[in-house]
């Protein structure tokens, strides 16, 4: 379990990093915390010619509230969020998610941008940030573009990143005082990847709800208008109105044939709903 | 039998409990080194000119090798079976009638029979470069049907792992006593029960550094091994060398659990390679190799019927057990170690008048099954204890009552059970009663009636087992495997400054024997434990031993140390008497000095005189001096029987399938405990592994025989948060047959937890009509069973 040979660069600024990526014609991999890429290199599941280590890029470490949103640079670590070293506009939602990612050792090094780029279906941020309505900014030498997290994750371990492009920042909208948040996951053991994730951001006053069912084999199921899951109406009694059959149907139509798997996902989502309503 | 009764009557371990002798809770001496990261493992061995090896392994479970293509630039760095002229395959035969022999080539010839089988070895200055070379080698393989299901492998017409056998059965055994008398029992419960294939997963994997010393004409093999002397015998057989030409050094070892008791093809390969290349070579197992290629265990299947009376009295057990032995018979324990033992140990500590058991050791295209802590006992405990809960449910009794009705009673000791296992001592019902009281079974039943606010369901489960340990010549000679334990030897010598050196052939890889063997020596000689050095794990420095396995080391090596130290003490006493100018009959050895009526002389002074001032010795002194090697066997070598009752309380979420262990109690009887602190550690560690078996660990295979859990992200081991703070209670019923009354306890912690936890989960879910008969109990299996039960209820309604 040793990696195949690769070249290594540690650029000093984002422009240099993007230039290296552009010059590498797609055979480069970006490393930040290395918590997923490290094992994949050692297992020779990826054999890039070049590793671009972006961990020295100060531009990607910023964390600031800008208008009604929080902008987190791609290099912000899970531990930064867990420990409250970054500002928070989610009323503690992100902090709680961060605190339960893998193990502390992973959280110390793992980054929010790396987690999104890796696009592991079982990872926390792709589900949690989709539920929170976050967007990502991608940058290449050609410029920047922005998209919703759920659009960014296009498949298992597959993101919308083009060759030469990098996740620059995550933009998280502020959670209103009226919005309830619930996030639940089931893991075989502490620190393992989840085998079921449920997330809900619900605003009964506004009659709106975003729901995410994550840790399925492919991209999370993101329902931006979840009214169907509450019998056609979202109101203060949404907890009672949560429709497990509708959730089960969603999973079945996402191709999950195994009834026990669907039941676990629905039950975990129900936990998130109960947490939001608590 | 008289030996220990006499010992105990003479004195109740004067140095124990509060001192340093038998019974003292001494912190481990070796921890000063190990806990500071100063241990020296195979991976720490540095030799000039060392090069690394990576292996090309079979990607297929079953295939004919048509060709191995090595790029021109790497010729000379890659070696295949064709290069290994004169190297014999590994053969681990059993003398049991009908056993079919497998030959495991150290590098594949003709066929590959498991994923991960060694095909070629690649040599380079670093492991990474060796892996690059390995990646450049291409194999031309003709895929054959893979045999991955042991039950299908038994069917006629199955593809064959070893064609010339005609079937896939290493060994079938049959054992029967009066089963016909049980058939009219009012309670008859039949089930199929299975345990998953697991990987032992010690912190340190296997590892080998081989070098050849031309001056000594000796191959030195550094290997993470539990049984270095057996490794040497096996190497000598495969390499065609004299045993004296081989030295096996096993340095610090980071956990063995049976996995490191096996002669590895890699050990043979690297031995050959260093002699071929003329420089030291190294191979360190990585975690993927460990999971995929070399360490599998535990895969059992039972079809079992238990017969009982309405009051829960056992009338008999009828069982057909199948064990997936994998592709080859591993050295020295053989491919039938597990299955053939099932027949003799399934009845455990229970009385019954009738019994039948057929067993099959089945060859499949998986890696060989190896002994793992508990060996077959974890499986049989799981099978029988789950069945007894079903008998209890059928009889309308508490599970504890069924156990108490059938367990061997203390007044029946020593007791021969239905398979002639000879139980030396113990009070099994008392252990069970204490466990039931400690877990507070009545309070749990009351709580179950109330239900839980969070929707989870509470369950309680119990299990009990016996652990035959340190079984010796009379037991193993019948197996006819390459290894039969005889007298265990220890060497003891006083150094010129009065220190004590002990050399024993067993090894310590987590057992704390550098401490416990010193405690035994202290008990006899009174030498300060800090001044006692234990030499282990080196064939050049220790007496021959079959090594550390079967929970034997404290009984056997401890007994040998005691015996050698007694003889050494006797010699010192006679010298001391002369120095004191006393009649030898009038002096005693006490607290490290020889005492007479008019004075005393320390062992230190005696040693100084013997080595440094021999002119002070009388001319008729015993020339044997202060160095002794003595052998030891217990008075009876059929083994010690330690045991424990386990009780678990769990909370189960039937919709998500999560299981939380709320409480765990172990009431354990390991005979006289040399160091209760070390025993506690053994039990906690075993419990963690038992929880792994119960809830987490599983190596699944697909239909083509591919192992699917190839990293620790897929193969789940319990971590600190999955292991509860268990409550331990010790009983100490001495064995009548051993020094100090000790019993072997190394494996017990890992035997009972799967059964106790499964019984607890089933207790929680029984009102839903759910029954889980397969380990590990995963969330998916729980929820699938809950849904199936709900569907059955709906269709019945």
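How large, in Å, is region B:448-491 by the Kirkwood hydrodynamic radius built from its alpha-carbon pairs? Walk me through the intermediate numbers first.
On the way: mean 1/r = 0.0644 Å⁻¹.
Hydrodynamic radius (Kirkwood, Cα pairs) of region B:448-491 is 15.5 Å.
State, as an integer percentage, the relative contact order of chain B based on alpha-carbon contacts under 8 Å between residues 6 or more apart.
Working: 2006 pairs, mean separation 131.8, N = 797.
With pairs under 8 Å counted, the relative contact order is 17 percent.
Taking the Cα atoms of region A:29-80 alone, what are Rg (to one decimal) and Dmax (as a whole number) in Å?
14.0, 44
Percent antiparallel among DSSP beta bridges with both residues in the protein assembly as shown, to the nearest 5? Walk me through the intermediate numbers first.
Details: 143 of 176 bridges.
So the antiparallel bridges in the protein assembly as shown amount to around 80 percent.
Could you give the length gained on full extension between residue B:136 and residue B:484, defined as 0.36 nm per residue of separation minus the Cα-Cα distance, in nm?
On the way: separation 348, 0.36 × 348 = 125.28 nm, distance 4.38 nm.
Fully extending the segment from residue B:136 to residue B:484 adds 120.9 nm.
Remind me, relative contact order of region A:1-61 in percent, using alpha carbon pairs under 8 angstrom and six or more residues apart? Display every interim value, and only then the final one.
On the way: 89 pairs, mean separation 33.7, N = 61.
Taking the mean separation of contacting Cα pairs over the length of region A:1-61, I get 55 percent.
Could you work out the Rg to Rh ratio of region B:486-623, with Rh taken as the Kirkwood radius (inverse of the mean 1/r over all Cα pairs)?
Checking Rg against Rh, the ratio lands at 1.02.
If R0 is 60 Å, what FRET efficiency do you get for residue B:69 and residue B:477 from their C-beta distance, rounded to 0.05? Kindly include the intermediate steps, with their values, before the conclusion.
Numbers: r = 48 Å, r/R0 = 0.80.
Efficiency for this residue pair is about 0.80.
Between region B:59-91 and region B:776-794, what is the separation of their alpha carbon centroids in Å?
Comparing the Cα centres of region B:59-91 and region B:776-794, I get a distance of 48 Å.
Can you figure out the FRET efficiency of residue A:146 with residue A:100, using R₀ = 30 Å and their beta-carbon distance, to the nearest 0.05? Please report the intermediate quantities before stating the final value.
Values: r = 28 Å, r/R0 = 0.92.
Efficiency, from the Cβ-Cβ distance: 0.60.
By per-residue mean of other Cβ atoms within 10 Å, what is the highest-first order of B:619-628, A:164-173, B:600-609, B:754-763? Please report the intermediate quantities before stating the final value.
Numbers: B:619-628: 13.2, A:164-173: 22.8, B:600-609: 20.2, B:754-763: 29.6.
Per-residue Cβ counts within 10 Å, averaged per peptide and sorted highest first, yield B:754-763, A:164-173, B:600-609, B:619-628.
Counting partner chain Cβ atoms within 10 Å of every residue's Cβ in B:128-134, what's the average? Before the final figure, lay out each step's value.
Working: counts 6, 2, 1, 6, 5, 0, 0.
Partner-chain Cβ atoms within 10 Å, mean over residues of B:128-134: 3.
If one computes P(r) from the Cα atoms of region B:359-436, what percent of pairs lie at distances over 15 Å? The partial results should precede the final answer.
Numbers: 2121 of 3003 pairs.
Summing the P(r) of region B:359-436 above 15 Å gives 71 percent of all pairs.
Take the Cα coordinates of region B:718-773, assign each an equal point scatterer, and use the Debye formula without solvent to give log10 I(q)/I(0) at q = 0.28, 0.29, 0.30 Å⁻¹.
Taken in order of the listed q values, log10 I(q)/I(0) reads -1.16, -1.19, -1.20.
To the nearest whole number, what is the average tally of beta carbon atoms from other chains within 10 Å of the beta carbons of peptide A:260-268?
Working: counts 12, 4, 2, 10, 10, 1, 2, 8, 3.
Averaged over the peptide's residues, the number is 6.
Starting from 0.36 nm per residue, how many nanometres of slack lie between residue B:103 and residue B:725 once their C-alpha separation is accounted for? Walk me through the numbers before you get to the answer.
Numbers: separation 622, 0.36 × 622 = 223.92 nm, distance 4.55 nm.
Difference between extended and current length: 219.4 nm.
Helix-only mean residue ellipticity at 222 nm, chain B, DSSP H runs n ≥ 4 weighted -39,500 (n - 2.57), per residue, nearest 500. What is it?
Working: 18 runs with 213 residues, N = 797.
After summing the helix terms and dividing by the residues of chain B, the value is -8500 deg cm²/dmol.
Report, to the nearest 10°, how far helix A:244-253 tilts away from the longest principal axis of the Cα atoms in chain A, using its own Cα long axis and a range of 0 to 90°.
Once rounded, the angle reads 40 degrees.
Along the Cα→Cβ direction, 7 angstrom out, place labels at residue B:279 and residue B:530. What is the inter-label distance in nm?
4.5 nm
Rank these for me by crowding, B:773, A:94, going from fewest to most other beta carbons within 10 Å. Don't skip to the end; give the middle numbers.
Details: B:773 20, A:94 29.
Lowest to highest Cβ neighbour count: B:773, A:94.
Per q in 0.29, 0.31 1/Å, what log10 I(q)/I(0) does a Debye calculation on the alpha-carbon atoms of region B:590-645 return?
For the requested q values the scattering log ratios are -1.23, -1.25.
Please state the Cα pair-distance histogram of region A:174-260 with 5 angstrom bins from zero: what percent is in each bin?
Final binned percentages: 3, 13, 24, 23, 17, 13, 6, 1.
Efficiency by 1/(1 + (r/R0)^6): what FRET value for residue A:1 and residue A:176, r their Cβ-Cβ distance, R0 = 41 Å, to the nearest 0.05? Write down the numbers at each step before the final one.
On the way: r = 48 Å, r/R0 = 1.17.
For residue A:1 and residue A:176, the calculated efficiency is 0.30.
For chain B, what Kirkwood radius comes out of the mean inverse Cα-Cα distance, in Å? Working shown, then result.
On the way: mean 1/r = 0.0360 Å⁻¹.
Kirkwood hydrodynamic radius for chain B: 27.8 Å.
Using the alpha-carbon atoms, what tilt in degrees (0 to 90, nearest 10) does helix A:259-277 show relative to the longest principal axis of chain A?
80 degrees
Averaged over peptide B:781-794, how many Cβ atoms belonging to another chain are found within 10 Å of each residue's Cβ? It would help to have the intermediate numbers written out before the result.
Values: counts 1, 2, 8, 6, 1, 2, 4, 2, 0, 1, 1, 0, 0, 0.
For peptide B:781-794, the averaged partner shielding equals 2.
With Kirkwood's inverse mean 1/r over C-alpha pairs for Rh, give me the Rg to Rh ratio of chain A, two decimals please.
Values: Rg = 18.8 Å, Rh = 19.2 Å.
In chain A, Rg relative to Rh is 0.98.
Based on the alpha-carbon gyration tensor of region B:71-132 and its eigenvalue square roots a ≥ b ≥ c, which shape applies: rounded if a/c is under 1.5, prolate if not and a/b is larger than b/c, or oblate? Please list the in-between numbers first.
Values: a/c = 3.04, a/b = 2.55, b/c = 1.19.
Here region B:71-132 falls in the prolate category.
Could you work out the Kirkwood radius for region B:179-221, taking every pair of different alpha carbons, averaging 1/r and inverting it, reported in Å? Show your work: numbers first, answer last.
Values: mean 1/r = 0.0589 Å⁻¹.
Over region B:179-221, the inverse of the mean reciprocal pair distance is 17.0 Å.
Could you work out how far apart the two model spin labels at residue A:25 and residue B:440 are, taking each label as a point 7 Å from the Cα in the direction of the beta carbon, and quote it in nm?
Result for the modelled spin labels: 7.3 nm.
Find the Cα radius of gyration of region A:1-108, compare it with 2.2 N^0.38 Å by division, and give the number to two decimals. Please list the in-between numbers first.
On the way: Rg = 15.9 Å, N = 108, 2.2 N^0.38 = 13.0 Å.
In units of the globular-protein estimate, region A:1-108 measures up at 1.22.
Give the relative contact order (percent, whole number) for region B:563-662; include only Cα pairs under 8 Å separated by 6+ residues. Mind dumping the intermediate values first?
Numbers: 91 pairs, mean separation 22.9, N = 100.
Reported relative contact order: 23 percent.
Quick one: length gained pulling residue B:44 to residue B:586 fully straight, 0.36 nm per residue minus the C-alpha distance? Can you show the working numbers first?
Numbers: separation 542, 0.36 × 542 = 195.12 nm, distance 5.22 nm.
Additional length available on full extension: 189.9 nm.
With the cut-off at 45 Å, report for the protein assembly as shown the share of all Cα pairs above it, as a whole percent.
Working: 239429 of 577275 pairs.
Of all Cα-Cα distances in the protein assembly as shown, 41 percent exceed 45 Å.
Run the quick spin-label model on residue A:162 and residue A:249: label points 7 Å from Cα toward the beta carbon, then report their separation in nm to one decimal.
That separation, rounded to one decimal, is 4.0 nm.
As a test, work out the antiparallel percent of DSSP beta bridges whose residues both lie in region B:217-369, rounded to the nearest 5.
Numbers: 9 of 22 bridges.
Around 40 percent antiparallel, to the nearest 5.
Values in this text are rule-based calculations from the coordinates and carry no lab data. Because the structure is a prediction, the values reported are computed rather than measured. FYI the Cβ positions are ideal-geometry reconstructions off the backbone, even for glycines, and counts take in every protein chain you see.
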